[in-house]
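I'd like to ask some things about the structure below.
The values are calculated or read from the model by the stated rules, or taken from the named source; none is laboratory data. None of these values were measured; they are calculated from a predicted model. Methodologically, a virtual Cβ is constructed for each residue, glycine included, from the backbone with ideal geometry; neighbour enumeration extends over all protein chains shown.
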Amino acid sequence: MSNHDVQDIAAEHEALLQFLYLAPVGLVQTSLAGEVELMNPLSAQLLMPLSQDGGLSNLFKALESVAPELRRMSADFTNSQGTICEGLRAQLTAGIRGKQDPKMLGISLIKLDDDRMMAVLTDMTLMIAQEKQLKYNTAWLNAITVGVSDYALMSLDQNGKIHEWNPSIGRVLKYNAADIVGKSFSMFYHSSGISPERIVDYLKEADEDGWSLTEGWRIKGDGTQFWSSSMIVPIDDFTAQSDEITILAETHELSYALIMRDITDRNRDENAHLNAMSSDYLTGIANRRTLFEAAELEFRRWHRHPRPLSFMIIDADFFKKVNDTYGHAAGDLVLCHLATTLKDTMRDIDTVARIGGEEFAVLLPSTDLGGALQLAERFRKNVEAATVKSDGIEIKYTISIGISTMEATVNGFDALLDRADKALYEAKHSGRNMVKIWRS
(Lines give C-alpha, C1' and ligand atoms only; values in the text may rest on other atoms or scores of the structure.)
Protein backbone atom coordinates (compact mmCIF):
# COMPACT_ATOMS: atom_id res chain seq x y z
CA MET A 1 0.00 0.00 0.00
CA SER A 2 1.45 3.39 -0.99
CA ASN A 3 1.87 6.34 1.37
CA HIS A 4 -0.84 8.11 -0.62
CA ASP A 5 -3.31 5.30 0.04
CA VAL A 6 -2.45 5.31 3.75
CA GLN A 7 -3.02 9.06 3.90
CA ASP A 8 -6.39 8.68 2.14
CA ILE A 9 -7.51 6.04 4.65
CA ALA A 10 -6.35 8.18 7.56
CA ALA A 11 -8.28 11.16 6.14
CA GLU A 12 -11.42 9.05 5.74
CA HIS A 13 -11.06 7.79 9.30
CA GLU A 14 -10.65 11.32 10.60
CA ALA A 15 -13.75 12.44 8.67
CA LEU A 16 -15.72 9.55 10.18
CA LEU A 17 -14.65 10.52 13.69
CA GLN A 18 -15.66 14.13 13.06
CA PHE A 19 -19.05 12.96 11.79
CA LEU A 20 -19.56 10.84 14.90
CA TYR A 21 -18.53 13.74 17.14
CA LEU A 22 -20.74 16.37 15.48
CA ALA A 23 -23.79 14.25 14.62
CA PRO A 24 -27.07 15.72 15.97
CA VAL A 25 -28.04 12.26 17.27
CA GLY A 26 -26.31 9.82 19.59
CA LEU A 27 -24.21 7.29 17.66
CA VAL A 28 -22.65 4.22 19.28
CA GLN A 29 -20.69 1.48 17.54
CA THR A 30 -20.59 -1.81 19.46
CA SER A 31 -19.73 -5.45 19.15
CA LEU A 32 -22.56 -7.97 18.79
CA ALA A 33 -22.38 -8.44 22.57
CA GLY A 34 -22.96 -4.71 23.08
CA GLU A 35 -19.37 -3.81 24.04
CA VAL A 36 -18.88 -0.14 23.12
CA GLU A 37 -16.15 0.61 20.57
CA LEU A 38 -17.00 4.17 19.50
CA MET A 39 -19.37 6.71 21.02
CA ASN A 40 -20.00 10.39 20.34
CA PRO A 41 -20.52 12.93 23.17
CA LEU A 42 -24.30 13.15 22.68
CA SER A 43 -24.58 9.39 23.29
CA ALA A 44 -22.65 9.73 26.52
CA GLN A 45 -24.92 12.59 27.55
CA LEU A 46 -28.04 10.49 26.92
CA LEU A 47 -26.73 7.27 28.46
CA MET A 48 -24.80 8.47 31.52
CA PRO A 49 -27.92 9.13 33.68
CA LEU A 50 -29.00 5.51 33.04
CA SER A 51 -25.75 3.85 34.04
CA GLN A 52 -25.98 2.07 37.38
CA ASP A 53 -22.22 2.01 38.00
CA GLY A 54 -21.17 5.15 36.10
CA GLY A 55 -19.63 3.14 33.28
CA LEU A 56 -20.61 2.99 29.62
CA SER A 57 -18.61 0.01 28.43
CA ASN A 58 -21.65 -2.02 27.31
CA LEU A 59 -24.71 -0.58 25.56
CA PHE A 60 -27.09 -3.36 26.64
CA LYS A 61 -26.05 -2.99 30.27
CA ALA A 62 -26.45 0.80 30.15
CA LEU A 63 -29.99 0.46 28.73
CA GLU A 64 -31.03 -2.58 30.81
CA SER A 65 -33.19 -0.55 33.20
CA VAL A 66 -35.27 1.10 30.44
CA ALA A 67 -35.00 -1.28 27.45
CA PRO A 68 -34.39 -4.82 28.76
CA GLU A 69 -35.60 -6.35 25.50
CA LEU A 70 -32.73 -4.89 23.44
CA ARG A 71 -30.21 -7.65 24.20
CA ARG A 72 -32.68 -10.39 23.30
CA MET A 73 -33.79 -8.65 20.09
CA SER A 74 -30.15 -8.47 19.02
CA ALA A 75 -29.54 -12.14 19.82
CA ASP A 76 -32.65 -13.19 17.88
CA PHE A 77 -31.61 -11.28 14.75
CA THR A 78 -29.99 -13.90 12.52
CA ASN A 79 -29.30 -11.92 9.32
CA SER A 80 -25.72 -10.95 8.62
CA GLN A 81 -26.76 -7.28 8.45
CA GLY A 82 -29.88 -5.12 8.67
CA THR A 83 -32.12 -3.21 11.06
CA ILE A 84 -32.68 -5.00 14.38
CA CYS A 85 -35.09 -2.36 15.69
CA GLU A 86 -36.09 1.12 14.60
CA GLY A 87 -37.44 3.84 16.88
CA LEU A 88 -37.77 1.59 19.95
CA ARG A 89 -39.04 3.92 22.66
CA ALA A 90 -37.65 3.81 26.17
CA GLN A 91 -39.35 5.88 28.89
CA LEU A 92 -36.73 7.60 31.04
CA THR A 93 -38.84 9.66 33.45
CA ALA A 94 -42.52 10.29 34.08
CA GLY A 95 -42.05 14.03 34.47
CA ILE A 96 -43.85 16.27 36.93
CA ARG A 97 -47.34 17.45 36.08
CA GLY A 98 -47.33 21.09 34.96
CA LYS A 99 -43.58 21.46 35.55
CA GLN A 100 -41.56 18.94 33.55
CA ASP A 101 -42.41 16.87 30.47
CA PRO A 102 -41.80 13.10 30.51
CA LYS A 103 -38.49 12.10 28.93
CA MET A 104 -38.42 9.55 26.10
CA LEU A 105 -35.41 7.99 24.36
CA GLY A 106 -35.65 6.57 20.83
CA ILE A 107 -33.33 3.64 20.02
CA SER A 108 -32.53 2.24 16.58
CA LEU A 109 -30.10 -0.68 16.33
CA ILE A 110 -28.47 -1.72 13.04
CA LYS A 111 -26.31 -4.78 12.46
CA LEU A 112 -23.43 -3.69 10.23
CA ASP A 113 -21.76 -7.08 9.75
CA ASP A 114 -20.98 -10.26 11.66
CA ASP A 115 -18.95 -8.35 14.24
CA ARG A 116 -20.40 -4.86 14.64
CA MET A 117 -23.61 -2.96 15.37
CA MET A 118 -24.50 0.73 15.28
CA ALA A 119 -27.01 2.28 17.69
CA VAL A 120 -28.74 5.59 16.96
CA LEU A 121 -30.10 7.39 20.05
CA THR A 122 -32.51 10.33 19.89
CA ASP A 123 -34.42 12.40 22.42
CA MET A 124 -38.06 11.85 21.38
CA THR A 125 -39.76 13.83 24.15
CA LEU A 126 -41.25 16.55 21.93
CA MET A 127 -42.14 14.11 19.14
CA ILE A 128 -44.15 11.91 21.55
CA ALA A 129 -46.23 14.87 22.71
CA GLN A 130 -47.01 15.77 19.09
CA GLU A 131 -47.91 12.17 18.25
CA LYS A 132 -50.31 12.01 21.18
CA GLN A 133 -52.21 15.05 19.95
CA LEU A 134 -52.30 13.61 16.42
CA LYS A 135 -53.71 10.34 17.78
CA TYR A 136 -56.59 12.19 19.45
CA ASN A 137 -57.29 14.25 16.36
CA THR A 138 -57.36 11.14 14.15
CA ALA A 139 -59.63 9.29 16.55
CA TRP A 140 -62.00 12.25 16.64
CA LEU A 141 -62.27 12.31 12.85
CA ASN A 142 -62.80 8.55 12.73
CA ALA A 143 -65.49 8.69 15.39
CA ILE A 144 -67.63 11.33 13.68
CA THR A 145 -67.23 10.12 10.09
CA VAL A 146 -70.70 9.54 8.65
CA GLY A 147 -71.46 6.75 6.22
CA VAL A 148 -69.55 4.02 8.07
CA SER A 149 -71.49 1.08 9.46
CA ASP A 150 -69.29 -0.11 12.30
CA TYR A 151 -70.27 2.42 14.99
CA ALA A 152 -72.98 2.58 17.61
CA LEU A 153 -74.12 6.04 18.70
CA MET A 154 -76.08 6.55 21.91
CA SER A 155 -76.94 9.26 24.40
CA LEU A 156 -75.98 9.26 28.09
CA ASP A 157 -77.36 11.20 31.03
CA GLN A 158 -75.16 13.08 33.49
CA ASN A 159 -74.46 9.83 35.41
CA GLY A 160 -73.41 7.83 32.37
CA LYS A 161 -76.68 5.93 32.05
CA ILE A 162 -77.91 5.12 28.55
CA HIS A 163 -80.84 7.37 27.61
CA GLU A 164 -82.43 5.46 24.75
CA TRP A 165 -81.95 2.60 22.30
CA ASN A 166 -81.50 2.97 18.54
CA PRO A 167 -80.87 0.54 15.65
CA SER A 168 -77.11 1.20 15.53
CA ILE A 169 -76.80 -0.28 19.04
CA GLY A 170 -78.59 -3.42 17.93
CA ARG A 171 -76.59 -3.71 14.71
CA VAL A 172 -73.11 -3.23 16.19
CA LEU A 173 -73.47 -4.20 19.85
CA LYS A 174 -76.26 -6.83 19.61
CA TYR A 175 -78.30 -5.37 22.49
CA ASN A 176 -82.02 -4.65 22.50
CA ALA A 177 -83.72 -1.78 24.30
CA ALA A 178 -84.66 -3.79 27.39
CA ASP A 179 -80.99 -4.77 27.82
CA ILE A 180 -79.47 -1.31 28.06
CA VAL A 181 -81.88 1.64 28.55
CA GLY A 182 -81.40 3.15 31.99
CA LYS A 183 -78.20 1.20 32.66
CA SER A 184 -74.64 2.50 32.95
CA PHE A 185 -72.36 2.28 29.91
CA SER A 186 -70.06 0.20 32.14
CA MET A 187 -72.19 -2.78 31.06
CA PHE A 188 -70.04 -2.96 27.90
CA TYR A 189 -66.92 -3.68 30.02
CA HIS A 190 -65.69 -6.74 31.86
CA SER A 191 -66.39 -6.34 35.58
CA SER A 192 -62.66 -6.11 36.41
CA GLY A 193 -62.07 -3.60 33.61
CA ILE A 194 -63.91 -0.61 35.07
CA SER A 195 -64.71 0.91 38.46
CA PRO A 196 -67.17 3.55 39.72
CA GLU A 197 -64.31 6.04 39.88
CA ARG A 198 -63.39 5.29 36.27
CA ILE A 199 -66.94 6.00 35.06
CA VAL A 200 -66.73 9.44 36.69
CA ASP A 201 -63.25 9.94 35.20
CA TYR A 202 -64.45 9.42 31.63
CA LEU A 203 -67.33 11.88 32.05
CA LYS A 204 -65.14 14.50 33.76
CA GLU A 205 -62.45 14.16 31.10
CA ALA A 206 -65.09 14.74 28.44
CA ASP A 207 -66.22 17.88 30.29
CA GLU A 208 -62.72 19.32 30.68
CA ASP A 209 -60.97 18.16 27.50
CA GLY A 210 -63.89 18.10 25.05
CA TRP A 211 -63.81 14.30 24.74
CA SER A 212 -62.72 11.13 26.49
CA LEU A 213 -61.18 8.52 24.20
CA THR A 214 -60.41 4.92 25.14
CA GLU A 215 -59.64 1.68 23.34
CA GLY A 216 -59.95 -1.86 24.64
CA TRP A 217 -61.93 -5.07 24.74
CA ARG A 218 -65.68 -4.67 25.16
CA ILE A 219 -68.58 -7.14 25.30
CA LYS A 220 -71.50 -7.42 22.90
CA GLY A 221 -74.97 -8.53 23.81
CA ASP A 222 -74.33 -12.03 22.45
CA GLY A 223 -71.30 -12.42 24.73
CA THR A 224 -68.61 -11.96 22.08
CA GLN A 225 -65.62 -9.69 22.64
CA PHE A 226 -64.58 -6.92 20.27
CA TRP A 227 -61.85 -4.29 20.22
CA SER A 228 -63.56 -0.93 20.54
CA SER A 229 -62.65 2.68 20.05
CA SER A 230 -65.00 4.51 22.42
CA MET A 231 -65.45 8.25 22.62
CA ILE A 232 -67.59 10.26 25.03
CA VAL A 233 -68.27 13.92 24.21
CA PRO A 234 -70.38 16.54 26.01
CA ILE A 235 -73.58 17.23 24.14
CA ASP A 236 -72.81 20.96 23.92
CA ASP A 237 -69.74 20.13 21.84
CA PHE A 238 -71.25 17.52 19.58
CA THR A 239 -73.78 17.30 16.78
CA ALA A 240 -74.32 14.04 14.91
CA GLN A 241 -76.93 12.81 12.52
CA SER A 242 -77.59 9.51 10.75
CA ASP A 243 -80.59 7.61 9.46
CA GLU A 244 -81.13 6.12 12.91
CA ILE A 245 -80.45 8.81 15.51
CA THR A 246 -80.06 12.57 15.70
CA ILE A 247 -78.28 14.30 18.58
CA LEU A 248 -78.30 18.08 18.38
CA ALA A 249 -76.32 20.36 20.64
CA GLU A 250 -79.09 22.98 20.59
CA THR A 251 -81.60 20.73 22.38
CA HIS A 252 -79.68 20.57 25.67
CA GLU A 253 -81.83 17.55 26.53
CA LEU A 254 -78.93 15.11 26.84
CA SER A 255 -75.62 15.30 28.69
CA TYR A 256 -73.25 13.18 26.58
CA ALA A 257 -72.95 11.24 23.35
CA LEU A 258 -71.12 7.90 23.34
CA ILE A 259 -69.72 6.60 20.05
CA MET A 260 -68.47 3.01 20.05
CA ARG A 261 -66.71 1.62 16.98
CA ASP A 262 -65.86 -2.01 16.30
CA ILE A 263 -62.30 -1.85 14.94
CA THR A 264 -61.34 -5.48 15.58
CA ASP A 265 -60.86 -6.47 11.92
CA ARG A 266 -60.11 -3.15 10.26
CA ASN A 267 -57.27 -2.34 12.64
CA ARG A 268 -55.84 -5.85 13.00
CA ASP A 269 -52.49 -5.00 11.38
CA GLU A 270 -52.34 -1.60 13.06
CA ASN A 271 -53.11 -3.11 16.44
CA ALA A 272 -50.36 -5.69 15.94
CA HIS A 273 -47.93 -2.83 15.30
CA LEU A 274 -49.17 -0.87 18.31
CA ASN A 275 -48.99 -3.95 20.52
CA ALA A 276 -45.39 -4.50 19.45
CA MET A 277 -44.59 -0.93 20.51
CA SER A 278 -46.46 -1.13 23.82
CA SER A 279 -45.57 -4.69 24.87
CA ASP A 280 -42.45 -6.22 26.35
CA TYR A 281 -40.52 -8.20 23.75
CA LEU A 282 -40.05 -11.33 25.89
CA THR A 283 -43.13 -11.64 28.10
CA GLY A 284 -45.85 -9.93 26.04
CA ILE A 285 -47.14 -7.80 28.93
CA ALA A 286 -46.94 -3.99 28.91
CA ASN A 287 -43.51 -2.39 28.66
CA ARG A 288 -42.04 0.47 30.64
CA ARG A 289 -43.34 3.11 28.25
CA THR A 290 -46.93 1.86 28.47
CA LEU A 291 -46.74 1.85 32.27
CA PHE A 292 -45.55 5.46 32.36
CA GLU A 293 -48.31 6.55 29.96
CA ALA A 294 -50.94 4.86 32.14
CA ALA A 295 -49.44 6.48 35.24
CA GLU A 296 -49.53 9.93 33.63
CA LEU A 297 -53.25 9.53 32.98
CA GLU A 298 -53.97 8.22 36.49
CA PHE A 299 -52.09 11.14 38.03
CA ARG A 300 -54.19 13.61 36.05
CA ARG A 301 -57.31 11.85 37.31
CA TRP A 302 -56.03 11.86 40.87
CA HIS A 303 -55.36 15.61 40.81
CA ARG A 304 -58.84 16.20 39.38
CA HIS A 305 -60.55 13.98 41.94
CA PRO A 306 -58.33 12.27 44.58
CA ARG A 307 -59.07 8.59 45.11
CA PRO A 308 -57.06 5.49 46.12
CA LEU A 309 -54.11 4.75 43.83
CA SER A 310 -51.33 2.29 44.64
CA PHE A 311 -48.24 0.91 42.96
CA MET A 312 -46.05 -2.15 43.39
CA ILE A 313 -42.61 -3.21 42.15
CA ILE A 314 -41.73 -6.91 41.93
CA ASP A 315 -38.26 -8.41 41.64
CA ALA A 316 -37.38 -12.08 41.06
CA ASP A 317 -35.15 -13.22 43.94
CA PHE A 318 -31.65 -14.47 43.09
CA PHE A 319 -32.43 -14.38 39.38
CA LYS A 320 -28.75 -14.30 38.39
CA LYS A 321 -28.35 -17.63 40.15
CA VAL A 322 -31.22 -19.05 38.04
CA ASN A 323 -29.46 -17.95 34.84
CA ASP A 324 -26.05 -19.22 35.99
CA THR A 325 -27.43 -22.60 37.13
CA TYR A 326 -29.97 -23.46 34.45
CA GLY A 327 -29.04 -21.17 31.54
CA HIS A 328 -30.59 -18.06 29.98
CA ALA A 329 -33.33 -20.01 28.19
CA ALA A 330 -34.55 -21.31 31.55
CA GLY A 331 -34.26 -17.80 32.96
CA ASP A 332 -36.50 -16.51 30.17
CA LEU A 333 -39.08 -19.19 31.03
CA VAL A 334 -39.05 -18.02 34.64
CA LEU A 335 -39.63 -14.42 33.58
CA CYS A 336 -42.49 -15.44 31.28
CA HIS A 337 -44.03 -17.52 34.07
CA LEU A 338 -43.73 -14.57 36.45
CA ALA A 339 -45.41 -12.27 33.91
CA THR A 340 -48.27 -14.71 33.22
CA THR A 341 -48.91 -15.34 36.92
CA LEU A 342 -48.84 -11.61 37.61
CA LYS A 343 -51.31 -10.88 34.80
CA ASP A 344 -53.65 -13.66 35.96
CA THR A 345 -53.56 -12.41 39.57
CA MET A 346 -54.30 -8.77 38.83
CA ARG A 347 -57.47 -7.16 37.44
CA ASP A 348 -58.16 -5.94 33.91
CA ILE A 349 -58.14 -2.36 35.16
CA ASP A 350 -54.57 -2.70 36.49
CA THR A 351 -51.50 -1.99 34.33
CA VAL A 352 -49.05 -4.90 34.55
CA ALA A 353 -45.60 -4.22 33.06
CA ARG A 354 -42.01 -5.39 32.85
CA ILE A 355 -39.75 -2.42 33.58
CA GLY A 356 -36.30 -3.99 33.86
CA GLY A 357 -34.42 -7.26 33.46
CA GLU A 358 -36.17 -9.22 36.25
CA GLU A 359 -38.17 -6.27 37.57
CA PHE A 360 -41.92 -5.91 37.07
CA ALA A 361 -44.50 -3.37 38.22
CA VAL A 362 -48.26 -2.95 38.62
CA LEU A 363 -50.26 0.28 38.70
CA LEU A 364 -53.41 -0.22 40.80
CA PRO A 365 -56.22 2.32 40.26
CA SER A 366 -59.02 2.52 42.83
CA THR A 367 -56.87 0.50 45.25
CA ASP A 368 -55.85 1.56 48.74
CA LEU A 369 -52.85 0.28 50.68
CA GLY A 370 -54.80 -2.61 52.19
CA GLY A 371 -56.11 -3.75 48.82
CA ALA A 372 -52.64 -3.52 47.26
CA LEU A 373 -51.15 -5.56 50.11
CA GLN A 374 -53.81 -8.24 49.67
CA LEU A 375 -53.13 -8.50 45.91
CA ALA A 376 -49.36 -8.56 46.46
CA GLU A 377 -49.54 -11.34 49.06
CA ARG A 378 -51.81 -13.41 46.82
CA PHE A 379 -49.35 -13.05 43.95
CA ARG A 380 -46.32 -13.83 46.15
CA LYS A 381 -47.95 -17.04 47.40
CA ASN A 382 -48.95 -18.08 43.86
CA VAL A 383 -45.33 -17.76 42.72
CA GLU A 384 -43.93 -19.52 45.78
CA ALA A 385 -46.24 -22.51 45.21
CA ALA A 386 -45.51 -22.81 41.48
CA THR A 387 -42.86 -24.74 39.56
CA VAL A 388 -41.33 -23.84 36.19
CA LYS A 389 -40.24 -26.77 34.02
CA SER A 390 -37.27 -26.40 31.65
CA ASP A 391 -35.91 -29.42 29.75
CA GLY A 392 -37.32 -31.75 32.37
CA ILE A 393 -35.86 -29.76 35.26
CA GLU A 394 -38.20 -28.24 37.86
CA ILE A 395 -37.26 -24.71 38.93
CA LYS A 396 -38.61 -23.03 42.06
CA TYR A 397 -38.25 -19.29 42.60
CA THR A 398 -39.62 -16.52 44.82
CA ILE A 399 -40.23 -12.79 44.53
CA SER A 400 -39.92 -9.66 46.65
CA ILE A 401 -42.43 -6.82 46.42
CA GLY A 402 -42.42 -3.15 47.42
CA ILE A 403 -45.64 -1.13 47.64
CA SER A 404 -46.36 2.62 47.72
CA THR A 405 -49.61 4.55 47.63
CA MET A 406 -50.56 7.97 46.30
CA GLU A 407 -50.88 10.96 48.61
CA ALA A 408 -50.65 14.74 48.38
CA THR A 409 -46.89 14.81 49.06
CA VAL A 410 -46.15 12.72 45.94
CA ASN A 411 -45.33 15.20 43.15
CA GLY A 412 -45.16 12.73 40.27
CA PHE A 413 -44.96 9.11 39.23
CA ASP A 414 -41.17 9.07 39.56
CA ALA A 415 -41.63 9.81 43.27
CA LEU A 416 -44.25 7.07 43.68
CA LEU A 417 -41.96 4.62 41.89
CA ASP A 418 -39.01 5.64 44.06
CA ARG A 419 -41.02 4.95 47.22
CA ALA A 420 -42.01 1.49 46.02
CA ASP A 421 -38.39 0.85 45.04
CA LYS A 422 -37.23 1.69 48.57
CA ALA A 423 -39.85 -0.68 50.00
CA LEU A 424 -38.58 -3.37 47.60
CA TYR A 425 -35.04 -2.74 48.81
CA GLU A 426 -36.22 -3.30 52.37
CA ALA A 427 -37.96 -6.56 51.37
CA LYS A 428 -34.82 -7.90 49.69
CA HIS A 429 -32.56 -6.96 52.57
CA SER A 430 -34.96 -8.42 55.13
CA GLY A 431 -34.65 -11.92 53.69
CA ARG A 432 -36.58 -11.78 50.36
CA ASN A 433 -39.80 -13.62 49.47
CA MET A 434 -41.86 -10.97 51.25
CA VAL A 435 -43.91 -7.80 50.75
CA LYS A 436 -42.91 -4.46 52.27
CA ILE A 437 -44.84 -1.15 52.32
CA TRP A 438 -43.14 2.23 52.02
CA ARG A 439 -43.44 4.29 55.18
CA SER A 440 -42.16 7.80 55.78
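Those residues that are of a type outside the set (Gly, Ala, Ser), outside any loop (DSSP other than H, G, I, E, B) and in contact (Cβ under 8 Å) with a residue 40 or more places away in the chain, I need them from segment 393-418; list them, please.
Within segment 393-418, ILE393, ILE395, ILE399, ILE401, ILE403, THR405, PHE413, ASP414, LEU416, LEU417 qualify.
Would you be able to say whether some residue in segment 241-253 is at pLDDT 50 or above and either under 21 Å from SER191 (Cβ atoms) or hydrophobic (A, V, I, L, M, F, W, C) (or both)?
no
In addition: Does at least one position in segment 123-144 carry a residue that is assigned to a strand (DSSP E or B) and modelled with pLDDT under 90?
yes
Still on this structure, I have one more. Restrict the check to segment 30-37 and report whether at least one residue is more than 20 Å from the chain's Cα centre (by Cα), modelled with pLDDT under 85 and of a type in the set (Asp, Glu).
no
Same structure, new question: For segment 360-382, which residues satisfy the criterion of being part of a helix (DSSP H, G or I) and not hydrophobic (A, V, I, L, M, F, W, C)?
Within segment 360-382, GLY370, GLY371, GLN374, GLU377, ARG378, ARG380, LYS381, ASN382 qualify.
Could you list, in sequence order, the residues of segment 47-66 that are of a type in the set (Gly, Ala, Ser) and on the phi < 0 side of the Ramachandran plot?
Hits for segment 47-66 are SER51, GLY55, SER57, ALA62, SER65.
I'm trying to understand the selection: among the residues of segment 373-394, which are farther than 26 Å from ASP421 by Cβ and touching a strand residue (DSSP E or B) at 6+ places or on another chain (Cβ under 9 Å)?
The answer is THR387, LYS389, GLU394.
Among the candidates LEU17, LEU42, single out the residue that is modelled with pLDDT of 80 or more and either in contact with a strand residue (DSSP E or B) (Cβ under 7 Å, 6 or more places away or on another chain) or part of a helix (DSSP H, G or I) (or both).
Being modelled with pLDDT of 80 or more and either in contact with a strand residue (DSSP E or B) (Cβ under 7 Å, 6 or more places away or on another chain) or part of a helix (DSSP H, G or I) (or both) holds for just one of LEU17, LEU42, which is LEU42.
Follow-up. Working only within segment 347-381, note down all residues that are in contact with a Leu (Cβ under 9 Å, 6 or more places away or on another chain) and surrounded by fewer than 21 Cβ atoms within 10 Å (Cβ to Cβ).
Across segment 347-381, the qualifying residues are ARG347, ILE349, GLY357, GLU359, SER366, ASP368, GLY371.
Can you name every residue in segment 201-221 that is touching a helix residue (DSSP H, G or I) at 6+ places or on another chain (Cβ under 9 Å) and in a helix (DSSP H, G or I)?
Of everything in segment 201-221, those that are touching a helix residue (DSSP H, G or I) at 6+ places or on another chain (Cβ under 9 Å) and in a helix (DSSP H, G or I) turn out to be ASP201, TYR202, LYS204, GLU205, ALA206, GLU208, ASP209.
Still on this structure, please answer the following. Going through ALA152, ALA90 one at a time, which residue ends up being closer than 30 Å to ILE259 by Cβ and at pLDDT 80 or above?
Every option except ALA152 fails the conditions.
Something else: For MET346, state whether it is within 18 Å of the chain's Cα centre (by Cα) and in the same structural domain as ARG307 (by TED's automatic domain parsing).
For MET346, the condition - within 18 Å of the chain's Cα centre (by Cα) and in the same structural domain as ARG307 (by TED's automatic domain parsing) - is met.
Just the residues that are surrounded by fewer than 18 Cβ atoms within 10 Å (Cβ to Cβ) and either without any contact (Cβ under 8 Å) to a residue 12 or more places away in the chain or of a type outside the set (Lys, Arg) (or both), please, taken from segment 422-432.
TYR425, GLU426, HIS429, SER430, GLY431
Going by what's in this entry, would ARG261 be described as surrounded by 14 or more Cβ atoms within 10 Å (Cβ to Cβ), at pLDDT 85 or above and outside the structural domain of LEU416 (by TED's automatic domain parsing)?
Judged against the criteria, ARG261 is a match.
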